[in-house]
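No value in this document is a laboratory result; all are computed from the given coordinates. Because the structure is a prediction, the values reported are computed rather than measured. Cβ sites come from the backbone with ideal geometry, for glycine too, and all protein chains shown count toward neighbours.
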Amino acid sequence: MTFIGWLQIALVLGAVLVCAWPLGHYMARVFEGEKTILSPFLVPVERVFYGASGIKSNKEQSWRDYALAMLAFNAVGFVALYALMRLQTALPLNPQGFSGVAPDLAFNTAMSFVTNTNWQAYGGETTMSHLVQMAGLAVQNFLSAATGMALAIAVTRAFARSSAQTIGNFWVDMTRATLYVLLPLSVVLAIAFALTGVPQTLSGSIDATTLEGAKQTIALGPVASQEAIKQLGTNGGGFFNVNAAHPFENPNAWSNILSIWSMLLISTALTFTFGHMVGDRRQGTALLIAMYALLITATAIVYWAETSGNPLLAKSGVDIAAGNMEGKEVRFGQALSALYVVATTALSCGAVNTMHNSLMPLGGAVPLFLIQLGEILPGGVGSGLYGMLAIAILAVFIAGLMVGRTPEYLGKKIEAREMKLAMLALLILPLAILGFSATAVMLPTALQSLANAGPRGLTEILYAYSSASGNNGSAFAGLSANTPWYNTTLGISMLLGRFAYVVPVMAIAGALAAKKKVPASSGTFPTHGALFIGLLIGVILILGGLQYFPALALGPIVEHFLMLAGKTF
């Protein structure tokens, strides 16, 4: 680790925070229906959408109606994307002449992009036509991100309101998230990516002559526009198979910095939005400090693990001064590769500029654990905020038990109903991750997909189901996941991780919105100070450790100690 490396990390995170603060307050104005700088241009467009779809923008919904609208909208999106991939060969904008996608892969991919997971069991440049990439995958990149933002705003309103029966209108929130936030930012970012050298063309490919005189076909496409919403919406699905390690998706250090900045931007900004909307900016700041304390700690561990190098190579006489460079691009360096690894898994992005299966055992354990925590540091666009709030509810409940008082959070009493629903949501991920992983290690057909035996093979399986259930989308890459078993079970994991998780959270929002806000008293536990931040961090780590430490001990942790002992599988 070097001073320059840490300076790079600090400057990128500093740039995120500087831009997230005004964006967070801008989004608060957008979702509260106030006038913004874009209102003169976008309000007429917004009204056209409402008029064409019959939406009454001034009519709010109960939590049930809000959740049902969200589920119905995403169900239609799933069916449409599935059909588009299956019919790909008969549709235009298919210069490569790709055939229709197989049913199990189409199911997996449609579920992946609808749930903001963007798990890819296929090579983008060899499987999907330009039409599917633009009208299918990119559209869902916008809509799945907008759905997450809408849900986070609805939960925020539940804390802000008192004795209310409604939490907003899903159609309005989703429309505003797309029109006022995602689209404008994506246009600007796509231009910025194009300026760094990312291609933006409708050409299918070009033929090049190599130095040896051979012919090489180089895939092209509308990459810059895909890259913009991929990062801003914490989608992560790459236009090319190797994602952001590909020189067309991520050509240089500037595009790499822009990628990290853009994937962290909106999720970080939503904590400022939360503080603004609940009327106490310190509350959003407390969540942000807890998120970034763990994010920076995780970055330090990965940076240290990867720069330390592989002792097995040192024993063979190999110079490991440069650290573990296997699976990394020299144009990015160790520091920003480590930050990218942590950011993409602390978020629900899943984009990769480094092959995670080439990470050192502890370097690979960190992103795996970050996903298993529920990706709340700061998490996916919207999903990170409402996931963190579910854990905050648990933290104040524990604090209430310690002092013998009815727990409160932002003036709302946390009672048995809220705790049951919070635990129901928080248990979805370990159920899907550990349940499917345990089944997979017992099935010969599932084990045939492994590239490695022993602890690394178990880590590959754990990572796949963690990534799917956590709606992340990155992979350890040693697992050949394009099989009926993995396509189906990973698709089900994505479904559970997104919708089975959020429905109980929406029920919590409905219950809290209906409660009368209680003024703070001398006995109220403050939820904006250092004590609460420490408690929140402790609950996150203890909850994650209790759920996943035994599995991690059998995978990356035991692999680390075997490596130190000079042994490998």
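Calculate the tail of P(r) for region 295-454: the fraction of all Cα-Cα distances greater than 28 Å, expressed in %.
40
Under a cut-off of 25 Å between alpha-carbon atoms, report the lysines in cross-link reach of K230, not counting same-chain residues fewer than 8 places apart.
Candidates past the 8-residue exclusion: K328.
So if the hydrodynamic radius of region 433-494 is defined as the Kirkwood radius over C-alpha pairs, what does Stokes-Einstein give as its diffusion coefficient at 10 °C and 1.306 mPa s, in µm² per second?
143
Could you give the nm distance between label points at V18 and T406, where each point is 7 Å from its Cα heading toward the beta carbon?
4.7
Counting Lys +1, Arg +1, Asp -1, Glu -1, what net charge surrounds K517 among other residues with beta carbon under 12 Å of its beta carbon?
Here the charged neighbours net out to +3.
In region 91-114, whose amide N lies under 20 Å from the spot 7 Å out along Cα-to-Cβ of I218? List them in ranges.
Label zone hits: 95-96.
So between W6 and A321, what do we pick up on full extension, going 0.36 nm a residue minus the alpha carbon distance?
Answer, rounded to one decimal: 111.6 nm.
Regarding region 1-147, what's the average projected area of the Cα-atom convex hull, expressed in nm²?
If you wrap the Cα atoms of region 1-147 in a convex hull and average its projections, you get 13.6 nm².
Going Cα to Cα from K420, which lysines come in below 26 Å? Please leave out same-chain ones fewer than 8 positions away.
Output for K420: K412, K515, K516, K517.
Starting at the first residue of region 365-379, write each ³J(HN,Hα) from the Karplus equation 6.51 cos²θ - 1.76 cosθ + 1.60 with θ = phi - 60°, in whole Hz, x for Gly and Pro.
Result, rounded to whole Hz: 5, 5, x, 4, 5, 4, 5, 5, 5, x, 6, 10, 10, x, x.
Which of A52, F499, A514 sits farthest toward the positive end of the charge dipole of the chain, with +1 on the Cβ of Lys and Arg and -1 on the Cβ of Asp and Glu?
Of the listed residues, the answer is A514.
What is the packing order of peptides 158-165, 88-95, 129-136, 258-265, taking the mean over residues of other C-beta atoms within 10 Å and listing the highest first?
258-265, 129-136, 158-165, 88-95
Dividing the alpha-carbon Rg of region 344-385 by 2.2 N^0.38 Å yields what?
Expressed relative to 2.2 N^0.38 Å, the Cα Rg reads 1.14.
About the Cα centre of the chain, what is the dipole size in debye to 20, counting +1 per Lys and Arg Cβ and -1 per Asp and Glu Cβ, all else neutral?
Using Cβ point charges on Lys, Arg, Asp and Glu, the chain gives about 1540 debye.
Report Rg(Cα)/(2.2 N^0.38 Å) for region 433-569, keeping two decimals.
1.41
What are the equivalent ellipsoid semi-axes of region 194-321, built from the alpha-carbon gyration tensor (square roots of five times its eigenvalues), in whole angstrom, biggest first?
36, 27, 9
Across all directions of projection, what mean area in square nanometres is found for the Cα convex hull of the chain?
Seen from a random direction, the Cα hull of the chain projects 26.5 nm² on average.
Once R0 is set to 25 Å, what does the formula 1/(1 + (r/R0)^6) return for the Cβ-Cβ distance between A72 and A52, expressed as a FRET efficiency to the nearest 0.05?
0.90
Once the Cβ-Cβ distance between K420 and T524 is put in as r, and R0 is 25 Å, what FRET efficiency do you end up with, to the nearest 0.05?
Approximately 0.60, to the nearest 0.05.
Taking only the C-alpha atoms, wrap a convex hull around region 116-224 and report its volume per residue in Å³ as a whole number.
136
Tell me which residues come under 5 Å, amide H to amide H, from L220 once H is placed; ignore anything under 5 positions away on its chain.
The answer is S205, I206.
Using a cut-off of under 16 Å, list every residue of region 155-174 whose amide N is near the label point 7 Å from the Cα of S62 along the Cα-to-beta-carbon line.
163-170
Taking other Cβ within 10 Å of each residue's Cβ, how do T166, T115, T489 sort, fewest first?
Lowest to highest Cβ neighbour count: T166, T489, T115.
Tell me, in nm to one decimal, what length is gained between L195 and Q165 on full extension, where the rule is 0.36 nm per residue of separation less the Cα-Cα distance?
6.0 nm
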